[in-house]
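S.K.: Structure incoming, see below.
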Amino acid sequence: MLTLQGILEKHDGFAPVINSAKPFKRLDFTAANEALLQRDLVETSVFSGFVFEEMLEGNTFIGIGGYAENRVIYRQRNHFNNGAEQPRSIHLGTDIWANAGEPVYAPLDATVHSFAFNDHYGDYGPTIILAHTLENNTFYTLYGHLSLASLDGLYVGKSIVASQNFAAIGSYPENGDWPPHLHFQIIKNMGDFKGDFPGVSSIQEKANFLNLCPDPNLILRIRENI
């Protein structure tokens, strides 16, 4: 029996999640990016300017990347550094950095599993989780940092067809107070989570979470364009 990774690898015909004419550019939010270490990016407007004007060269690219990165940017956000827990810094999804309002499309047929407004500084903001079935295998995709309007008219079990524009990238502060981007994540098993799921893990839990959340590029398939 094929694993979920094997099923996704052999599937043909995923629709683009972001369908833009701009070329993709890989962004690095690890300690290897020395410019990050020299900036105070707590203020979201400053962080957004850094991403779109510098990293994306005057907004001429769509930013992409982040899966399994050990990200230094989380050091400046208390949401990931609760003193009672192990700090979280391993990114479990892929981020697509694009303007607020950029349409988000379903990569394949789905139903709405759950949705929520995770309204905390550094959190997902408006979030939608879709359930999909391929070869009798059910799995989930999570879309974080959406516009609040993306939640309008949703209900659990609502059908979404492949290529349907079902959401849009949100602006700050409603998107969790981040520069505009989509957090896209594949999840094998939601457990008891609804409208939310960890998007960042501790280093200690890295192996477990990366097994639970395989590489989003199995669906996105845009690495060759970077």
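The values are calculated or read from the model by the stated rules, or taken from the named source; none is laboratory data. Treat the numbers as computed from the prediction; the structure is a model and nothing was measured. Neighbour counts are summed over all protein chains in view; Cβ atoms, including those assigned to glycine, are modelled from backbone coordinates with ideal geometry.
S.K.: List the residue pairs whose Cβ atoms are under 8 Å apart, where the first residue sits in segment 67-79 and is within 15 Å of Y124 (Cβ to Cβ), the second is at pLDDT 70 or above and among the acidic types (D, E), and the two are 6 or more positions apart or on different chains.
M.R.: Here the result reads H79/D123, each pair linking segment 67-79 to a residue that is at pLDDT 70 or above and among the acidic types (D, E).
S.K.: Within the bounds of segment 155-162, is there any residue that is assigned to a strand (DSSP E or B) and in contact (Cβ under 8 Å) with a residue 24 or more places away in the chain?
M.R.: yes
S.K.: Determine which single condition Q86 fails, assuming it passes every other condition in (1) at pLDDT 95 or above; (2) touching a strand residue (DSSP E or B) at 6+ places or on another chain (Cβ under 7 Å); (3) part of a loop (DSSP other than H, G, I, E, B).
M.R.: Only one criterion is unmet by Q86, namely (1).
S.K.: Take the conditions part of a helix (DSSP H, G or I) and closer than 21 Å to T111 by Cβ and apply them to L218. Does it pass?
M.R.: In short, yes.
S.K.: Of the residues that make up segment 86-97, is at least one surrounded by fewer than 17 Cβ atoms within 10 Å (Cβ to Cβ), within 27 Å of V46 (Cα to Cα) and in contact (Cβ under 8 Å) with a residue 40 or more places away in the chain?
M.R.: Yes - at least one qualifying residue is present in segment 86-97.
S.K.: Select from segment 103-154 the residues that are polar (S, T, N, Q), closer than 20 Å to Q5 by Cβ and surrounded by fewer than 21 Cβ atoms within 10 Å (Cβ to Cβ) and list them in ascending order.
M.R.: Scanning segment 103-154 gives T133, N136, N137, T138.
S.K.: Which members of segment 180-193 meet the condition of being surrounded by 14 or more Cβ atoms within 10 Å (Cβ to Cβ) and either closer than 22 Å to L4 by Cβ or modelled with pLDDT under 95 (or both)?
M.R.: Matches in segment 180-193: L182, H183, F184, Q185, I186, I187, K188, M190, F193.
S.K.: Okay, next question. Just to be sure I understand the filter: pairs with C-beta atoms under 8 Å, separated by 6 or more residues or on different chains, first member in segment 4-30 and assigned to a helix (DSSP H, G or I), second member among the small types (G, A, S) and at pLDDT below 95. Which pairs pass?
M.R.: Within 8 Å, no pair qualifies.
S.K.: Let me ask something else. Are any residues in segment 182-212 in a loop (DSSP other than H, G, I, E, B), out of contact with any Gly (no Cβ under 7 Å at 6 or more places or on another chain), within 28 Å of G157 (Cβ to Cβ) and not charged (D, E, K, R), and if so, which ones?
M.R.: N189, M190, G191, F193, G195, F197, P198
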